[in-house]
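Colleague: Got a structure for you, questions after.
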Amino acid sequence: MTAIGKKRRSTFSILGQLAILVFGVAAPFLFPAYTFQIAMLWIMILFALTWDIMGGQMGYNSLGNILFFGAGMYISAVVQIAIVYDVAEYTAAFGAIKIDFTTAQYFTGFALGVIMAGLGCAIFAAIFGSMVFGLRGPYFAIGTLGVALAAGELVGGWDYVGGGSGISMPVYPGDVQPRALFFYFLCFISAIATFMFLKWVYSGRFKTTINAIRDDEEKAEAMGIHTTRYKVVAWGIAAFFLGISGAIFGNMIGFIEPLEVAFPTITLGIFMVVMSLLGGKGTLWGPVLGATLFHLFKEVTWIYLLGWQWVALGTLIIVNVVFFQQGILGWAQDKWPEWFGIVVDEKMSAEQETAREAAQ
Amino acid sequence: MWDNISLLIIAPLLNVQLLLDGVLIGAIFALAAYGLALVWGVTNVKNLAQGDLVIMGGYIAYVFTTLGIHPILALPVAMVLMFGFGWLIYRLIISHVIERDLFTSLLATFGLALVIQQLLNLIFGPDVQIAESGFDILFLFGGQVTLAEIKLVALVLAGVLAAMIVFFMKTSRMGQAIRATAQNARAAKIMGINTDRVYAFTFAMNAAICGAAGVLISMIWVIQPFFGTSYSIRSFVIVTAAGLGNLPGVIVAGLGLGAAEQFSGFVLGAEFQQATVVGLLVLVLIIRQLQMRRQRRVVS
Amino acid sequence: MTSMIEVSGVSKRFGGVVANNQISLSVPSGRITGLIGPNGSGKTTLFNSIVGFHPIDEGSITFEGKEISKLRVPQIARLGLLRTFQQTRIYGKMNCMDNMMISVPQRRMPLSRMFVKFSAEMLERAEAILEFVGLYQKRYLPAGSLSFGQQKLLEFAMALINEPKILLLDEPTAGINPTLINGLIDRLRRANEEFGITLFVIEHNMRVIMNLADNIYCLAHGEMLAHGNPGDIQNDKRVIDAYLGAH
């Protein structure tokens, strides 16, 4: 990357990260009434960041990434229950069975569930990816949308995991207040972990290669790049973090069911796309910015618009996509390109210098 | 599931019943899918609000019945109203996304779908509605197969409508302009065709077709503000399987999809009906990928 | 003289149109081979067949003795057979350095190297090659903002850093300012001599190809018309007729 403009950008970046850390740690104590909403903000940021790996950086616009969120939720639920009880019996009772998990059982089950959710979703993404990565453009978008829609229905018809009536999650062994803080900080940490991981991943070959796939996949293939391998890994990363967030969210909510909680394809599934676009897709900070603004907008409209909030949200999507698709950061880059290191380097190379000196 | 399959073998007339229901509803799917293919081919916009335009048409028929007017009379009215609505949507949204990449059009029309669904929900509420047509039910094969007369009427109306559209596209000045623009928009523009008007007309005509399909759907099935998405997906399945600009293909795929849904709904249970549609979509896409791979190419 | 690419009896039809009919040729290792022919004679089709862009109807194509006519584009590219496009293709939104870094060969790269940062010597090498093609000062500009000729040079630089064994160039001088053509010929020849890359060049500009190539194949109407050194080709009556439209 360029030295020019980099210093200023990294100053901003460090300040931004510090501000987020301070806010994240202090928020549940400063605004205890909004702990859940702020926890949701971190999940939204994670959504936008993970969508952007494929959609923004690689140009593969998936409309079905919510699939991994729901899959992670269900994987963790099954794992958590299975370590102490028979899953089919538990779900068949529709929450009538209350099993007392000991504290140790709960936390081992939870930790195992989260890890399995992440890994399971990553593997799932690799398998699923091999089915859809021959699709481009609209077919990829529609195909992934269709699969996510179908997932909700299929899980709804699968009695082993409780079908349409869902699963009551194991109960947290503790009071309401510590429980809220526990899940809040898990959401916070998972979002920060996603951000830091992507920051690292975006600093080298991986980012330039997936950008190349976005700009001209045919050319990338003609240059001998292992495009399929990169696509699978990119989706695997997104699925891993989405799976973990699903596992955390399911436990935070305490009750999961397929259509509204686990696979809300046309709400949360599309929000993740819109949030990335709003902030500026294909950048690291864009999704963070977009998710924050979108979440604020959503919460405010939910309070003040009484029934019209969805219409307002749909209008926001249309306006965003049609008139402001470059997003906030994209717009800033057009306006102040030198901030982003797009300049002619007036310095001459050593070779040219010597050539000129020789000529003189 | 196996019980249901064996039931189909024991009682062959059940197959007739399912096939009949499927084909009759499939004809209307084909109508909406033809509209999608038309817009896709001419403007390159992939309209995810297609199904919501259908449902809007259905609510126009529903309003007619609440006023005590027969819903069939809503057909021309819905077409005119939806034509105007389509034109408006073109001016407001579609005209801005037409030159842009496909994802823009997908997301913009998705936003539109969300707005339409929510407005319908605010106006009519989330209940399932039907536009009662008051026709009788026919009993075939000694009463073992039932057939609502309105379904036959709907089939005939859908056929007449399709014939009218084909006639229009073949003979009228605007129809020719649309076909020319679909083939090569730049050349059409250079030859003096006002492509912007062609696009607007195409999208408006698509909305009118959807409106008509919606009126028919509301009479033979049910409508609900959030049912639109499944019609959009159905239209995409049909167009993907048939390809653009292939009217016979669209009809065959539409009828086939209708029948497939009925059979899977019977065998697997009604809750899997939409999953079947999507499963077919994924299947079609995978087959297309394999075909393309043999050509050393991808589906795009 | 070993041959690097061996094309024998390759035919390609598009519907009823025969684009290539029973074409056979061989590209010798370490040399510069030319491919000429009037518009529509099937030159680019033959290139596309070699690099795996579309399936061929019959015949065989070998690269260093290995049959490649069934392989797909990235697999062939990883063997060390690279092409540039007639309509130049670069990654327009990224700057020139990033374009270069993407093109660093990934042939035997293990999976774990996917996430590494670029090493200082790789960056230096990219800068040196950009210097070689004359784009050093513009290395941080988005590639899409370069002029057409500069984009061609960038595409050429990207091919060089990929360290191919052979490079197929589709009309390298088309659309380039005539005053810059001599410089380009010089660079192509240096790439051949200094980097040791075999070149196989489609070219319309007769002056360029006669200067550059050691031996030349001429296609017309999808058939192989003539083969020889530049002097023979220039005086071949069939070649002259093909270009002037006589039959």
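Colleague: If amide hydrogens are placed 1.01 Å from N in the peptide plane, which non-local residues have theirs closer than 5 Å to the one on residue C:220?
Modeller: Sorted by chain and number, the residues that satisfy this are C:225.
Colleague: If you don't mind, there's one more thing I want to ask. Give me the distance in nm between label points sitting 7 Å out from Cα along the Cα-to-Cβ direction at residue A:36 and residue B:287, one decimal.
Modeller: A separation of 4.7 nm, rounded to one decimal place.
Colleague: I've got another one for you. Take the cross-link list A:199/A:281; C:12/C:165; A:207/C:117 and give me the ones stretching past 21 Å between alpha-carbons.
Modeller: C:12/C:165
Colleague: Can you tell me the 0 to 90 degree angle between the C-alpha axis of helix B:12-43 and the longest principal axis of chain B, rounded to 10?
Modeller: In chain B, helix B:12-43 runs at an angle near 10 degrees to the longest axis.
Colleague: Continuing with this model, one more query. With r defined as the distance between the Cβ atoms of residue C:235 and residue C:119 and R0 fixed at 51 Å, what FRET efficiency is calculated, to the nearest 0.05?
Modeller: Rounded to the nearest 0.05, the efficiency is 0.45.
Colleague: Mind jotting down the distance between the C-alpha centroids of the range B:40-85 and the range B:110-132, whole Å?
Modeller: Here the answer is 12 Å between Cα centres.
Colleague: Return a whole-number percent for the relative contact order of chain C, with Cα pairs under 8 Å and 6 or more residues apart as the contact set.
Modeller: With pairs under 8 Å counted, the relative contact order is 27 percent.
Colleague: So, one more: Please say if chain C is rounded, prolate or oblate, where rounded means a/c under 1.5 for a ≥ b ≥ c the square roots of the C-alpha gyration tensor eigenvalues, and otherwise the choice is prolate for a/b larger than b/c and oblate otherwise?
Modeller: In terms of gyration-tensor shape, prolate.
Colleague: Sticking with the crude label model, points 7 Å out along Cα→Cβ, report the distance from residue A:308 to residue A:158 in nm, one decimal please.
Modeller: Spacing of the two 7 Å Cα→Cβ label points: 4.2 nm.
Colleague: Another one. Arrange the peptides A:226-232, C:64-70, B:45-51, C:145-151 so that the one whose residues have, on average, the most other Cβ atoms within 10 Å appears first.
Modeller: B:45-51, A:226-232, C:145-151, C:64-70
Colleague: Applying 1/(1 + (r/R0)^6) with R0 = 30 Å to the Cβ-Cβ distance of residue C:194 and residue C:62, what FRET efficiency is obtained, to the nearest 0.05?
Modeller: Calculated value: 0.65.
Colleague: Turning to a different aspect of this structure: Please tell me the relative contact order of the range B:2-294 in percent, rounded to the nearest whole number, where contacts are Cα pairs under 8 Å and at least six residues apart.
Modeller: It rounds to 39 percent for the range B:2-294.
Colleague: What do you get for the angle between helix C:148-161 and the principal long axis of chain C? Use alpha-carbon atoms, 0 to 90 degrees, nearest ten.
Modeller: With rounding to tens, the tilt is 80 degrees.
Colleague: Determine, for each peptide in C:119-128, B:256-265, A:66-75, the mean count of other beta carbons within 10 angstrom over its residues, then list the peptides with the highest first. Mind showing how you got there, number by number?
Modeller: Working: C:119-128: 14.2, B:256-265: 21.5, A:66-75: 29.6.
Packing proxy ranking, top to bottom: A:66-75, B:256-265, C:119-128.
Colleague: Here's a follow-up. Over the range C:92-163, what is the relative contact order in percent, taking alpha-carbon pairs closer than 8 angstrom and at least six residues apart?
Modeller: Numbers: 68 pairs, mean separation 38.6, N = 72.
Reported relative contact order: 54 percent.
Colleague: Going by average Cβ neighbours within 10 Å, how do the peptides A:138-144, C:56-62, B:24-30, A:267-273 rank, with the highest at the top?
Modeller: B:24-30, A:138-144, A:267-273, C:56-62
Colleague: Oh, and also: Give me the aspartates and glutamates in straight-line cross-link reach of residue A:231: C-alpha distance below 17 Å, same-chain residues under 8 apart excluded.
Modeller: Once the sequence-local aspartates and glutamates are set aside, what remains near residue A:231 is A:52, A:215, A:216, A:217, A:218, A:221.
Colleague: Measuring from label point to label point, each 7 Å out along Cα→Cβ, what is the residue A:260 to residue A:115 span in nm?
Modeller: According to this spin-label approximation, the distance is 3.4 nm.
Colleague: Give A:335/C:152; A:219/C:138; B:189/C:138; A:219/C:43; C:70/C:93; C:70/C:237 a once-over and call out the pairs whose C-alpha atoms are over 30 Å from each other.
Modeller: Beyond 30 Å: B:189/C:138; C:70/C:93; C:70/C:237.
Colleague: Tell me, in nm to one decimal, what length is gained between residue C:243 and residue C:148 on full extension, where the rule is 0.36 nm per residue of separation less the Cα-Cα distance?
Modeller: Length difference between fully extended and current span is 31.5 nm.
Colleague: Per DSSP helix of 4 or more residues, -39500 (n - 2.57); summed, then divided by the residues of chain B. What does that give at 222 nm, rounded to the nearest 500?
Modeller: -25000 deg cm²/dmol
Colleague: Does the protein assembly as shown come out rounded, prolate or oblate by the C-alpha gyration tensor, with a ≥ b ≥ c the root eigenvalues, rounded set by a/c under 1.5 and, if not, prolate when a/b is larger than b/c and oblate if not?
Modeller: It is oblate, given that a/c is not under 1.5 and a/b is not larger than b/c.
Colleague: Does anyone have the angle between helix B:149-171 and the longest principal axis of chain B? Alpha-carbon axes, 0 to 90°, nearest 10?
Modeller: 20 degrees
Colleague: Calculate the FRET efficiency for residue B:10 and residue C:72 from the Cβ-Cβ distance with a Förster distance of 41 Å, rounded to the nearest 0.05. The partial results should precede the final answer.
Modeller: Working: r = 50 Å, r/R0 = 1.22.
About 0.25, to the nearest 0.05.
Colleague: What does the C-alpha gyration tensor say about the overall shape of the range A:6-264? Classify as rounded when a/c is under 1.5, otherwise prolate if a/b is larger than b/c, or oblate. Walk me through the intermediate numbers first.
Modeller: Details: a/c = 2.40, a/b = 1.30, b/c = 1.84.
Judged from the Cα gyration tensor, the range A:6-264 comes out oblate (a/c at least 1.5, b/c at or above a/b).
Rule-based calculations on the coordinates, nothing more; no lab input. Since the structure is predicted, the reported quantities are computational estimates derived from the model, not experimental observations. For neighbour counting, all protein chains shown are included, and Cβ atoms are generated from backbone atoms with ideal geometry for every residue, glycine included.
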